[in-house]
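The structure appears below as structure tokens.
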Amino acid sequence: MIRTLITSTALAATLCLPAFAQAQESEPTLSLSESATVQIAPEFATVSSGVVTRADTAQAAVRANADAMSQVFAALRRAGVDSDDMQTAQLSVSPVYADRRQPNQVELTIIGYEARNQVSAKVRDTARVGQVIDAMVSAGANNINGVTFGAEETGDALNSARREAIAALLSKAELFADAAGFELCGIRRMGESNYRPQPVYESRMMAMSDGASTPVAAGELTLTATVSADFCISQ
């Protein structure tokens, strides 16, 4: 279900008439912009999680991390996440220092090593995100970096926002012409600004009961289309 919301954006009006500022006396123009947004349900979620392990040696830290991550990957597969929807996002090994401070001196001593392995898992059933997180944690994941939501197909929804923005833009131009007493004689230029899908966190949390999985709010994705145009005008 698509809910459409029209929002008016920054307005730049240049009226090149004797009563207004003139850029080109022979070609008076009116410059306007308008935005419209549509909200769509996300089609998938991406969970970023992994394992952090520490040991006295780098080799031991990596071995312990590999064992734990093997369990995490197995848990993801059991939870219904396809192997093609899993991707390693971070893999690192670094020394751990003990900070022994003395007056006018800082001594850094290596006391062990830390291994990190992070995986991004695409969950195509957004209702099961909490269950997937629980499965990863139960398998040994101890570092949850977050959850993001997205959609594969946004073309139709974005086109709907474009139509709404253009209609609002033309209506605004007619309003300016009527209020200021000039005529619209055409469009010199029309363009569109870039957009980025943005999540809207205003939905209900997943139902909770005794033993329920981690609650996650899928919310909605907001797509914004912004159009602008230069109208030629005459008295």
All-but-one check, Leu76 against (1) assigned to a helix (DSSP H, G or I); (2) out of contact with any Asp or Glu (no Cβ under 9 Å at 6 or more places or on another chain); (3) under 18 Å from Gln118 (Cβ atoms), failing number (2)
Checking Glu220, Glu174, Glu202 in turn, the sole residue that is at pLDDT below 95 and either surrounded by fewer than 18 Cβ atoms within 10 Å (Cβ to Cβ) or out of contact with any Asp or Glu (no Cβ under 9 Å at 6 or more places or on another chain) (or both) turns out to be Glu202
### Task
Kindly indicate whether any position in segment 62-74 is loosely packed, with under 15 Cβ neighbours inside 10 Å, at pLDDT 95 or above and of a type in the set (Lys, Arg).
yes
With the first residue restricted to segment 218-235 and required to be in a loop (DSSP other than H, G, I, E, B), and the second required to be among the charged types (D, E, K, R) and surrounded by fewer than 19 Cβ atoms within 10 Å (Cβ to Cβ), Cβ contacts under 9 Å at 6 or more apart or on different chains are Gly219/Glu202; Gln235/Glu183
Every listed condition ((1) outside any strand (DSSP E or B); (2) at pLDDT 95 or above; (3) farther than 28 Å from Glu114 by Cα) holds for Ser26 save (2)
Checked pairs for segment 161-178, first closer than 18 Å to Thr224 by Cα, second acidic (Asp, Glu), C-beta under 7 Å and 6 or more apart or across chains, list as Ala165/Glu34; Ala168/Glu34; Leu169/Glu34
Residue match in segment 138-146 (condition: assigned to a helix (DSSP H, G or I), in contact (Cβ under 8 Å) with a residue 24 or more places away in the chain and within 25 Å of Arg77 (Cα to Cα)):
yes
Quiz item: Does at least one position in segment 128-135 carry a residue that is exposed (fewer than 12 other Cβ atoms within 10 Å of the Cβ), closer than 25 Å to Pro215 by Cβ and touching a residue at least 40 places away in the same chain (Cβ under 8 Å)?
Solution: no
- request: Test Lys172 against the criterion of being among the basic types (Lys, Arg) and touching a helix residue (DSSP H, G or I) at 6+ places or on another chain (Cβ under 8 Å), and give yes or no.
  value: no
If we ask which residues in segment 151-162 are surrounded by fewer than 15 Cβ atoms within 10 Å (Cβ to Cβ) and under 18 Å from Ser193 (Cβ atoms), their number turns out to be 2
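Do we have any residue at all in segment 89-111 that's part of a helix (DSSP H, G or I), outside the structural domain of Ala218 (by TED's automatic domain parsing), over 30 Å from Gly186 (Cβ atoms) and in contact with a strand residue (DSSP E or B) (Cβ under 9 Å, 6 or more places away or on another chain)? Give the steps one after another, and end with the answer.
Of the residues in segment 89-111, the ones part of a helix (DSSP H, G or I) are none.
For segment 89-111, residues part of a helix (DSSP H, G or I), outside the structural domain of Ala218 (by TED's automatic domain parsing), over 30 Å from Gly186 (Cβ atoms) and in contact with a strand residue (DSSP E or B) (Cβ under 9 Å, 6 or more places away or on another chain): absent.
The values are calculated or read from the model by the stated rules, or taken from the named source; none is laboratory data. Nothing here was measured: the structure is a model prediction, and the numbers come from that model. All Cβ positions, even for glycine, are placed from backbone atoms using ideal geometry, and neighbour counts span all protein chains on display.
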